[in-house]
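Participant: First the structure, which I've put down as C-alpha cells, then a few questions once you've had a look.
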Amino acid sequence: MEGSTLSSNCATSGTYEGYVDRELFLNIYDLTPMNAYSIWFGFGIFHTGIEVYGMEYGFGAHDYSISGVFEVEPRSCPGFIYRCSISLGHLSMSASEFREFIETMASDYHGDTYHLISKNCNHFTDDICQRLTGRRIPGWVNRLAKLGSLFSCLLPDSLEATTVKQMPEYHTYDDDDDGSDSGSNASSQDASQSDEVDQKVLLSPTPAPEIAFIKGISR
C-alpha cells in the first residue's frame, strides 16, 4: 500500500547520525493529528522547512508585501507537530553563500503572496531543493495542494492557518561577527512596515522558539 511506503520512508530517512553542516534536510511537520490516519491513503496536511547549517528555513503568510521567509531552530517550528526529516543531499556552497541565496529567495516569497494551493510552504521548500540539488521534494508532501487545485471548494478555511503570529523582525548575516549583532537591523522602509503590523497576527501562537524573518534582497 502506498501509504505504508510513505510512512516507512519518512520514518527511516534523515537520521542525524554523522550529521554534516552542509547536508540539506527536509523537515516535515503535521498540521493535524489526522495525518496519522490519512498518510496510509497517500496524503496528509504538512508543513515543511529546509534545514542546513544548523538552522531551518520556512515560508509563512502575513498581510504585507515583505518577506514571509523565516528561520527557526531545526525541527521546532512553532504551531506544528514535527514528524521526521529526509536527507536531500549536500550543498556545494559556503554558509555565507547560502545566506545570500536564501535572502534572494526571500525577495520572491512575500507573506502576502502565500496561497494554500499555488504558493505554500511546500512549494517554497521544493523550489529551494530544485535550485540547490536538481531534485524535488517527495510528491506526497504537497499532494493536498495538487488535489486542492481541482477540488478547492472542498478544503476547509482553517487550512489557511499555516501562518506565524510574530512581528517580522529581520536578521541579516555578517561574516565578520558571525551574524551575532547585525541581525535585527532593517531599512527605514522595513522598520515603518514593522510598525504598521504591530498588534497584527502573523505566523504561530507559540512564543518559543524564536522565529526570525529573513530580509529579502534584490537579484
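Participant: May I ask you to derive the FRET efficiency for S118 and M34 from their Cβ-Cβ distance with R0 = 25 Å, giving the value to the nearest 0.05?
Facilitator: E(calc), rounded to 0.05, equals 0.60.
Participant: Still on this structure: Could you tell me which of rounded, prolate or oblate describes the stretch 34-84, using a ≥ b ≥ c as the square roots of the eigenvalues of the alpha-carbon gyration tensor, with rounded for a/c under 1.5 and, failing that, prolate when a/b is larger than b/c and oblate otherwise?
Facilitator: Because a/c hits 1.5 or more and a/b fails to exceed b/c, the stretch 34-84 counts as oblate.
Participant: Okay, next question. Of the heavy-atom accessible surface of the stretch 90-139 (probe 1.4 angstrom), what whole percent is carbon and sulfur?
Facilitator: After summing per-atom areas, the C and S share lands at 44 percent.
The values are calculated or read from the model by the stated rules, or taken from the named source; none is laboratory data. Since the structure is predicted, the reported quantities are computational estimates derived from the model, not experimental observations. Reconstructed Cβ throughout: ideal geometry from the backbone, glycine too, with neighbour counts over all protein chains shown. Areas reflect the complete protein model, heavy atoms only, side chains present, ligands, DNA and RNA absent. Shrake-Rupley method; radii C 1.70, N 1.55, O 1.52, S 1.80 Å.
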